[in-house]
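**Q** Provided herewith is a single structure, encoded as structure tokens, for subsequent inquiry.
Readers should treat all values here as calculations from the given coordinates under stated rules, not as data from a laboratory. Predicted model, so just to flag it, every value in this text is computed and none were measured. So basically every Cβ, Gly included, is an ideal-geometry build from the backbone, and we count neighbours across all protein chains shown.
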Amino acid sequence: MGDFNESVVLDALRRHPQGLSRVELAQTTGLSAQTVSNICRRLLDQGLTQDSSEQFTGAGGKPRTLLRLVPGAGYALGVHLDPAVLTYVLLDLLGTVVAQHSEPTPLGTDAEQVTDGVAASIRTLTDGSGVDTGRILGLGIAAPGPLDLDHGLVVDPPELPGWGSVPLRARLAAETGFPSLLDKDGIAASVAERWVGAAAGSRNFLFFYLGTGSGMGLVVDDTVLRGASGNAGEVGGLGAACSTRALVDEAIQMGALGHEFTPTGPQDARLALAELAHRARAGEQPATGVVQRWAIRIGRGVCAAATLLDADTIVFGGRCGRRWPSRSSP
């Protein structure tokens, strides 16, 4: 319970980087004043927080010292396994990106070799960041579903052949030496958007991920919905119709792209998508029509899900979504 209460206080401070007084922390978290005082003392002793010299004048006019997180007191590593691109980030306690790197996901390589490469890239990132590795608290891994979260397994994702029941969490923990957490990419993105992204002010929102594949992350009453198996957000037919490969295949069928763009793997599909986006931005038909129909499919499916959840915010993310300029987004 002590660890849980401490995480609640840390989360409140993270959401208020300007700092909170002890009284405000008690009001925000619902914890007793004594519990908050004890936790704050521990956090100060650990160097995770500091008292700010800035003073806050409460309703009674009494000045109060603000407690703030020390951003560099701890760091976290993140890895996103996409069938086309591997992305690495190093974040401080406030979620600020300190270092990042991306590279193509190796094709025709077994999962163990890919994992070895991921561990090597993590070491390169941390070595080049100048951050004391002793301050790195852990590694978060975002991967396409389906996942077995209890055992830390990636279970045969559609675009990653040969990844049947791969113990990704245990392998990376062993190879990097960092405590590791595995989560579904759409769910992990929803957590990030709630913490420091576009949905930071919302307690009920839907995140739609557009990458090599697609999926949803769902947040209701400030709680991320994971489902019975931890794989909530798989969108079935909508996801299949909105994936990078599906969009490129439709573009070729409609004559928006030539057959030379027929993809043999996720990276080919990514390059073909870039060409389709270029032609759509230039106003070329039928490229524009392909993109418009794709946007309508996504819009209808997402709106139906958002209505079901009574969500007040919809957030789109992922590499595929960034291909389209805001002025042409429906």
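**Q** Working from Cα positions, state the angle (0 to 90°, nearest 10) between the long axis of helix 111-129 and the longest principal axis of the chain.
**A** The angle comes out at about 50 degrees.
**Q** Would you kindly state how much longer the chain becomes between ASP116 and ALA282 on full extension, computed as 0.36 nm times their sequence separation minus their alpha carbon distance, in nm to one decimal?
**A** Difference between extended and current length: 55.6 nm.
**Q** Within region 116-151, whose backbone N sits under 12 Å from a point 7 Å along Cα→Cβ of ALA174?
**A** Flagged as within label range: 116.
**Q** I need the semi-axes of the equivalent ellipsoid of region 166-231: take the C-alpha gyration tensor, multiply each eigenvalue by 5, square-root it, list largest first in whole angstrom.
**A** Each semi-axis is the square root of five times an eigenvalue, giving 24, 13, 12 Å.
**Q** Right, something else. Run the dipole for the chain about the Cα centre, Lys and Arg Cβ at +1, Asp and Glu Cβ at -1, nothing else charged, and hand back the magnitude in debye, nearest 20.
**A** 1020 debye
**Q** Could I ask something else about it? How far is helix 33-45 tilted, in degrees, relative to the longest principal axis of the Cα atoms in the chain, given as a value from 0 to 90 rounded to the nearest 10?
**A** Tilt relative to the chain: about 80 degrees.
**Q** Among GLU193, GLU175, rank each residue by its count of other Cβ atoms within 10 Å, from fewest to most, as a rough exposure measure.
**A** With the sparsest Cβ surroundings first, the list reads GLU175, GLU193.
**Q** Using alpha carbons only, how many degrees (0 to 90, rounded to 10) separate the axis of helix 287-309 from the longest principal axis of the chain?
**A** The two axes meet at around 40 degrees.
**Q** Could you tell me which residue out of VAL235, TRP195, PRO263 lies farthest along the dipole of the chain toward its positive end? Charges go on the beta carbon: Lys and Arg +1, Asp and Glu -1, centred on the Cα centre.
**A** It is TRP195.
**Q** May I ask for log10 I(q)/I(0) of the chain at q = 0.07, 0.08, 0.09, 0.14 Å⁻¹, from a Debye sum over the Cα atoms as equal point scatterers with solvent left out?
**A** So the normalised log intensities are -0.34, -0.44, -0.56, -1.18.
**Q** May I ask for the net charge around VAL89, where only other residues with Cβ less than 14 Å from the Cβ of VAL89 are counted and Lys, Arg are +1 while Asp, Glu are -1?
**A** -4
**Q** What does the C-alpha gyration tensor say about the overall shape of region 1-44? Classify as rounded when a/c is under 1.5, otherwise prolate if a/b is larger than b/c, or oblate.
**A** rounded
**Q** Turning to a different aspect of this structure: Just want to confirm a number: the relative contact order over region 73-178, from Cα pairs under 8 angstrom separated by 6+ residues, in percent.
**A** Relative contact order comes out at 26 percent.
**Q** Another question, if that's okay. Based on DSSP, what percent of beta bridges with both residues in region 52-178 are antiparallel, to the nearest 5?
**A** Within region 52-178, antiparallel bridges account for around 75 percent of the total.
**Q** On to the next question. If you take the beta carbon distance between ARG123 and VAL97 as r and set R0 to 22 Å, what does 1/(1 + (r/R0)^6) give as a FRET efficiency, to the nearest 0.05?
**A** It comes out at approximately 0.75.
**Q** Run the simple label-point estimate for ALA198 and SER229 please: 7 Å along Cα→C-beta, distance reported in nm.
**A** It works out to 2.9 nm between the two label points.
**Q** When DSSP assigns beta bridges and you keep just the ones with both residues in the chain, what percent turn out antiparallel, to the nearest 5?
**A** Bridges in the chain are about 65 percent antiparallel.
**Q** Okay, next question. ARG171: net charge of surrounding residues, Cβ under 13 Å, Lys/Arg +1, Asp/Glu -1, itself excluded?
**A** That works out to -3.
**Q** Full extension from ASP45 to ASP3: what is 0.36 nm times the residue separation minus their Cα-Cα distance, to one decimal in nm?
**A** 13.6 nm
**Q** Rounded, prolate or oblate: pick one for region 90-232, where a ≥ b ≥ c are the square roots of the eigenvalues of its C-alpha gyration tensor, a/c under 1.5 means rounded, and failing that, prolate if a/b is larger than b/c, else oblate.
**A** oblate
**Q** In addition: What number, rounded to the nearest 500 deg cm²/dmol, is the helix-based mean residue ellipticity at 222 nm of the chain, given -39500 (n - 2.57) per DSSP H run of at least four residues and division by all its residues?
**A** -12500 deg cm²/dmol
**Q** Peptides 99-109, 3-13: what's the order by average Cβ count within 10 Å, highest mean first?
**A** Packing order, densest peptide first, comes out as 3-13, 99-109.
**Q** With the contact rule set at Cα under 8 Å and sequence spacing of 6 or more, what percent relative contact order holds for the chain?
**A** It rounds to 11 percent for the chain.
**Q** Excluding ASP221 itself, what net charge comes from residues whose Cβ is under 13 Å from its Cβ, given Lys and Arg +1 and Asp and Glu -1?
**A** The answer is -1.
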